[in-house]
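Q: Below you will find the structure I want to go over with you.
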Amino acid sequence: MKQLHNLLLIPGIISILGSADKSLQSEDSAGKKSNKPETQPNVIFFAMDDLNDWVTPLGYNQAKTPNIDRLAKEGVVFTYSHAPGVFSAPSRAAIMTGLYASTTGCYEEDPFQFDHPDLITLQMAFKQGGYSTYGAGKIYHHRSGFLDLRGWDKYFSRSQEEKDMGWEMNSYYMSDAPRPNPFPYSPYYTKTGRDGGAALHLEWGPIANEKEDDMVDAIRTNWACDILKQKHDKPFFLALGLYSPHYPNYAPQKYFDMYNRDSIQLPPYNADDLEDLPERIRKNMINRSKEHNELEQLGALKDAVIGYLAATSFADAMLGRVLDALEESPDKDNTIIVFWSDQGFHHGEKMHWGKHTLWQRTSHVPFIWAGKGIPKNKKVNTSVSLIDMYPTFIELCDLPEVKHLEGISLVPSLRKPSGSKDRNVFLPSNEKGSYAVINTNWRYISYFDGGEELYNVKEDPNEWNNLAGEEKYRPIMQEMQKSAPKVFAPGVTPKNELKLIIEGDSFHWEKKKN
């Protein structure tokens, strides 16, 4: 892995430097292989939020996601793909900059643009590559001031209220968002007297079916479908980020009705799962386990899972709208669609409800490519990272080269899925210096304070048995350590030291005055 922390201190070190010369190969008129695409493909960049590996293409049979299944049959499924961050802000920053938090210093809820204004973000690369660029929803982190407004021909906003808040992308902060009745709905609130507040963690509930098109994800999806119906005189990059199935798990009633509570299977839990963790992590997770214990006492574990599955099925229906619109569009034969989620989510595994961990349930996410030039109904079973998207687009879409990206192009895997080779995938924590290294056999976790975990993921997919204390595994851990950076960049300027300045429909960050 490239060590670029010192280079990043030099303004403008990450820059556009000429034109990429690789792509999925095509044949020219003489029958010879050519690296240049005949035309640049359009790209639909479809993101879901907090969707873990609970989808049929990854072997989970409880979620009803016919459109994800449909997309999988039309393309290549990366069955062991991992997020490049442990929650939305660092993961999306890594995806859109092509650089890990260990390089940028964006470990937490940090607006990377303040400290790194010279980074070429993904939509900027498409724009400089000759594309029209359209965006809607949660592509960057959803908080006010996190959307990178540069490089978009149009970024959809459903209301002036959204812009006035610095492009806040949370679906349920706004006054126009439909809510269940009662609100909050889940027993985590109704049976405890809690105030729902803004976070709405562990909240779920049905929305009236007739309000489906009033839901924020539906509004944004319909806008994206309208873009697909238009005639385009040059290739387009269309990014659509849904908020579902992020909490609160709201969905029209019909999606809740898809699931029978009596037949819902909970994920496997192990009451002793925390006992072999490093001491600091064990204490933290024991504290976090109070939520799981409370849901269990409320008899709400199955209801919480149904809420998540219903929100997933609703998001799947939005994907279906996009696929239908593409099928009816004049660009259907020259468009690639990439489906991903920023990171996963625990539903009681390791007694945790949330993300922010270095374990499987946080890192393992769906990742599907389909469309022009991509084989149908294929799987790649080797380890990959979502940070690989940026270099893949450069090669696949003939974009100008961006130096120092930390992922690798997946074009060889898309060209020949059966020829993919496994590799170590790096995942930095939101704690500087803590990280995981993952391959199809092992997950190694190193914490900044010296704590370690090692799991044989083939024999122990639930990660219940920490092997790090056994000396015979030390060579494996030492080898995996080589895939982590030797130096972790200092954290960027914390958000609490910055002030968001709203300027009409735009914004910028300034350092607070002492």
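Q: What number of residues in the stretch 265-283 are surrounded by fewer than 15 Cβ atoms within 10 Å (Cβ to Cβ) and either in contact (Cβ under 8 Å) with a residue 12 or more places away in the chain or of a type outside the set (Lys, Arg) (or both)?
A: 10
Q: In the stretch 289-337, what residues are assigned to a helix (DSSP H, G or I), in contact with a His (Cβ under 9 Å, 6 or more places away or on another chain) and closer than 30 Å to Met389 by Cβ?
A: Looking only at the stretch 289-337, we keep the residues that are assigned to a helix (DSSP H, G or I), and these are 289-297, 301-327, 332-334.
Add one more test, that the residue is in contact with a His (Cβ under 9 Å, 6 or more places away or on another chain), and what stays is 289, 291-292, 301, 304-305, 308, 311.
Scanning the stretch 289-337 gives Val305, Tyr308, Ala311.
Q: Does the stretch 361-369 include one or more residues that are surrounded by fewer than 21 Cβ atoms within 10 Å (Cβ to Cβ), in a loop (DSSP other than H, G, I, E, B), touching a Leu at 6+ places or on another chain (Cβ under 7 Å) and touching a residue at least 12 places away in the same chain (Cβ under 8 Å)? Steps first, answer last, please.
A: Let us first name the residues in the stretch 361-369 that are surrounded by fewer than 21 Cβ atoms within 10 Å (Cβ to Cβ), namely none.
No, that holds for no residue.
Q: Would you please name the residue that is nearest to Pro391 (Cα to Cα), looking only at residues in the stretch 126-147 that are buried (at least 23 other Cβ atoms within 10 Å of the Cβ) and out of contact with any strand residue (DSSP E or B) (no Cβ under 6 Å at 6 or more places or on another chain)?
A: Filtering the stretch 126-147 for residues that are buried (at least 23 other Cβ atoms within 10 Å of the Cβ) and out of contact with any strand residue (DSSP E or B) (no Cβ under 6 Å at 6 or more places or on another chain), the one nearest to Pro391 (Cα to Cα) comes out as Tyr140.
Q: If you don't mind, there's one more thing I want to ask. Of all residues in the stretch 141-190, count the ones that are more than 21 Å from Lys211 (Cα to Cα), among the acidic types (Asp, Glu) and without any contact (Cβ under 8 Å) to a residue 40 or more places away in the chain.
A: Total meeting the criteria: 2.
Q: Let me ask you something else. Please work out which one of (1) over 28 Å from Thr39 (Cα atoms); (2) more than 24 Å from the chain's Cα centre (by Cα) is the condition Gly307 fails and give its number.
A: (2)
Q: Being in contact (Cβ under 8 Å) with a residue 60 or more places away in the chain and of a type in the set (Val, Ile, Thr) is the filter; apply it to the stretch 431-442 and report the residue that is farthest from Leu277 (Cα to Cα). Don't jump to the end; show me each part of the working.
A: Kept after step one, since they are in contact (Cβ under 8 Å) with a residue 60 or more places away in the chain, are these residues of the stretch 431-442: 431-432, 434-436, 438, 440.
Narrowing further to those that are of a type in the set (Val, Ile, Thr): 438, 440.
On the way: Ile438: 18, Thr440: 21 Å.
Among residues in the stretch 431-442 that are in contact (Cβ under 8 Å) with a residue 60 or more places away in the chain and of a type in the set (Val, Ile, Thr), the one farthest from Leu277 (Cα to Cα) is Thr440.
Q: Still on this model: Take the stretch 40-81 and flag every residue that is assigned to a strand (DSSP E or B), under 19 Å from Val411 (Cβ atoms) and not hydroxyl-bearing (Ser, Thr, Tyr). Can you show your working first?
A: Going residue by residue through the stretch 40-81, those that are assigned to a strand (DSSP E or B) are 42-48, 75-81.
If we keep only those that are under 19 Å from Val411 (Cβ atoms) as well, we get 42-45, 75-81.
Once the filter is applied, which keeps residues that are assigned to a strand (DSSP E or B), under 19 Å from Val411 (Cβ atoms) and not hydroxyl-bearing (Ser, Thr, Tyr), the stretch 40-81 yields Asn42, Val43, Ile44, Phe45, Gly75, Val76, Val77, Phe78.
Q: May I pose another question? May I ask you to list the residues in the stretch 93-109 that are buried (at least 24 other Cβ atoms within 10 Å of the Cβ), over 14 Å from the mean Cα position of the chain (by Cα) and not in a helix (DSSP H, G or I)?
A: Scanning the stretch 93-109 gives Leu99, Cys106, Tyr107.
Q: I'd like the residue in the stretch 55-78 that is closer than 23 Å to Val384 by Cα and among the small types (Gly, Ala, Ser) and, out of all such residues, is surrounded by the most Cβ atoms within 10 Å (Cβ to Cβ).
A: Once the filter is applied, the top-ranked residue is Ala72.
Q: Could I ask something else about it? Of all the residues that make up the stretch 248-257, how many are assigned to a loop (DSSP other than H, G, I, E, B) and either under 23 Å from the mean Cα position of the chain (by Cα) or under 12 Å from Gly307 (Cβ atoms) (or both)?
A: At the first step, the residues of the stretch 248-257 found to be assigned to a loop (DSSP other than H, G, I, E, B) are 248, 257.
From the residues that got through so far, the ones that are either under 23 Å from the mean Cα position of the chain (by Cα) or under 12 Å from Gly307 (Cβ atoms) (or both) too are 248.
Total meeting the criteria: 1.
Q: When you go through (1) in contact with a strand residue (DSSP E or B) (Cβ under 8 Å, 6 or more places away or on another chain); (2) among the aliphatic types (A, V, I, L, M); (3) modelled with pLDDT under 95 one by one for Ala271, which number turns out not to apply?
A: (1)
Q: While we're looking at this one, here's another question. Scan the stretch 115-122 and give yes if some residue there is in contact (Cβ under 8 Å) with a residue 24 or more places away in the chain and over 30 Å from Asp233 (Cα atoms), otherwise no. Let's see the steps before the verdict.
A: The initial filter retains those residues of the stretch 115-122 that are in contact (Cβ under 8 Å) with a residue 24 or more places away in the chain, namely 115-116, 118-122.
Restricting the remaining residues to those that are over 30 Å from Asp233 (Cα atoms) gives 115-116.
There is at least one residue in the stretch 115-122 that is in contact (Cβ under 8 Å) with a residue 24 or more places away in the chain and over 30 Å from Asp233 (Cα atoms).
Q: Can you tell me which residues in the stretch 133-150 are in a loop (DSSP other than H, G, I, E, B) and among the aliphatic types (A, V, I, L, M)? So that I can check it myself, show each step before the final result.
A: Initial filter on the stretch 133-150 (in a loop (DSSP other than H, G, I, E, B)): 138-150.
Selection gives Ile139, Leu147, Leu149.
Q: With respect to Leu396, is the statement that it is within 22 Å of Leu122 (Cβ to Cβ), at pLDDT 95 or above, surrounded by 17 or more Cβ atoms within 10 Å (Cβ to Cβ) and aliphatic (A, V, I, L, M) true? Spell out the reasoning first.
A: Numbers: within 22 Å of Leu122 (Cβ to Cβ): yes; at pLDDT 95 or above: yes; surrounded by 17 or more Cβ atoms within 10 Å (Cβ to Cβ): yes; aliphatic (A, V, I, L, M): yes.
Here the answer is yes, as Leu396 does meet what is asked.
Q: Next up: Residues in the stretch 417-455 that are of a type in the set (Asp, Glu) and within 24 Å of Val76 (Cβ to Cβ): how many? Before the answer, list the steps.
A: Going residue by residue through the stretch 417-455, those that are of a type in the set (Asp, Glu) are 422, 431, 449, 452-453.
Then drop every residue that is not within 24 Å of Val76 (Cβ to Cβ), which leaves 422.
Residues meeting the conditions: 1.
Q: Going by the structure shown, is Pro206 out of contact with any Gly (no Cβ under 8 Å at 6 or more places or on another chain), modelled with pLDDT of 90 or more, within 19 Å of Ser244 (Cβ to Cβ) and surrounded by 15 or more Cβ atoms within 10 Å (Cβ to Cβ)? Reasoning before the result, please.
A: On the way: out of contact with any Gly (no Cβ under 8 Å at 6 or more places or on another chain): yes; modelled with pLDDT of 90 or more: yes; within 19 Å of Ser244 (Cβ to Cβ): yes; surrounded by 15 or more Cβ atoms within 10 Å (Cβ to Cβ): yes.
In short, yes.
Q: Please go through the stretch 399-451 and give me each residue that is crowded, with 17+ Cβ neighbours inside 10 Å, under 29 Å from Asn377 (Cβ atoms) and among the small types (Gly, Ala, Ser), ordered by number.
A: Within the stretch 399-451, Gly407, Ser409, Ser413, Ser420 qualify.
Q: Would you confirm whether any residue within the stretch 403-423 is touching a helix residue (DSSP H, G or I) at 6+ places or on another chain (Cβ under 8 Å), closer than 21 Å to Ala93 by Cα and not in a loop (DSSP other than H, G, I, E, B)?
A: Step one: list which residues in the stretch 403-423 are touching a helix residue (DSSP H, G or I) at 6+ places or on another chain (Cβ under 8 Å), which gives 404-414, 419-420.
Then drop every residue that is not closer than 21 Å to Ala93 by Cα, which leaves 404-410.
Still in the list and also not in a loop (DSSP other than H, G, I, E, B): none.
No, the stretch 403-423 contains no residue that is touching a helix residue (DSSP H, G or I) at 6+ places or on another chain (Cβ under 8 Å), closer than 21 Å to Ala93 by Cα and not in a loop (DSSP other than H, G, I, E, B).
Quick grid of which residues meet (1) polar (S, T, N, Q); (2) under 21 Å from Leu51 (Cα atoms):
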| site | (1), (2) |
| --- | --- |
| Asp164 | no, no |
| Pro184 | no, no |
| Thr192 | yes, no |
| Glu212 | no, yes |
| Thr221 | yes, yes |
| Ile227 | no, no |
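Q: If you scan the stretch 258-287, which residues turn out to be assigned to a helix (DSSP H, G or I), under 19 Å from Tyr455 (Cβ atoms) and not hydrophobic (A, V, I, L, M, F, W, C)?
A: Start the filter on the stretch 258-287 by keeping residues that are assigned to a helix (DSSP H, G or I), which leaves 261-263, 279-287.
Right, trim to under 19 Å from Tyr455 (Cβ atoms) and you get 279-282, 284-285.
Of everything in the stretch 258-287, those that are assigned to a helix (DSSP H, G or I), under 19 Å from Tyr455 (Cβ atoms) and not hydrophobic (A, V, I, L, M, F, W, C) turn out to be Glu279, Arg280, Arg282, Asn284.
Q: With touching an Asp or Glu at 6+ places or on another chain (Cβ under 8 Å), crowded, with 16+ Cβ neighbours inside 10 Å and among the charged types (D, E, K, R) as the only criterion, which of Lys355, Lys302 stands out? Please lay out each step first, then the result.
A: Working: Lys302 fails: touching an Asp or Glu at 6+ places or on another chain (Cβ under 8 Å).
Criteria check complete, one pass: Lys355.
Q: Applying the selection to the stretch 370-396, what residues are in a strand (DSSP E or B) and in contact with a Pro (Cβ under 6 Å, 6 or more places away or on another chain)?
A: Quick first cut of the stretch 370-396, residues in a strand (DSSP E or B) only: 370-371, 378-385.
Those that are in a strand (DSSP E or B) and in contact with a Pro (Cβ under 6 Å, 6 or more places away or on another chain): Lys378, Val380, Ser385.
Q: Turning to a different aspect of this structure: Output yes when any residue across the stretch 488-495 is farther than 30 Å from Ala370 by Cα, surrounded by fewer than 17 Cβ atoms within 10 Å (Cβ to Cβ) and modelled with pLDDT under 95, and no when none is.
A: yes
Q: Let me ask another. Restricting to the stretch 456-500, and then to whatever is under 28 Å from Asp276 (Cα atoms) and of a type in the set (S, T, N, Q), can you tell me which residue is farthest from the chain's Cα centre (by Cα)?
A: Result: Gln478.
The values are calculated or read from the model by the stated rules, or taken from the named source; none is laboratory data. Note that the coordinates shown come from a computational prediction; the quantities given were computed from them, not determined experimentally. Note: ideal-geometry Cβ built from the backbone for every residue, glycine included; neighbour counts use all protein chains shown.
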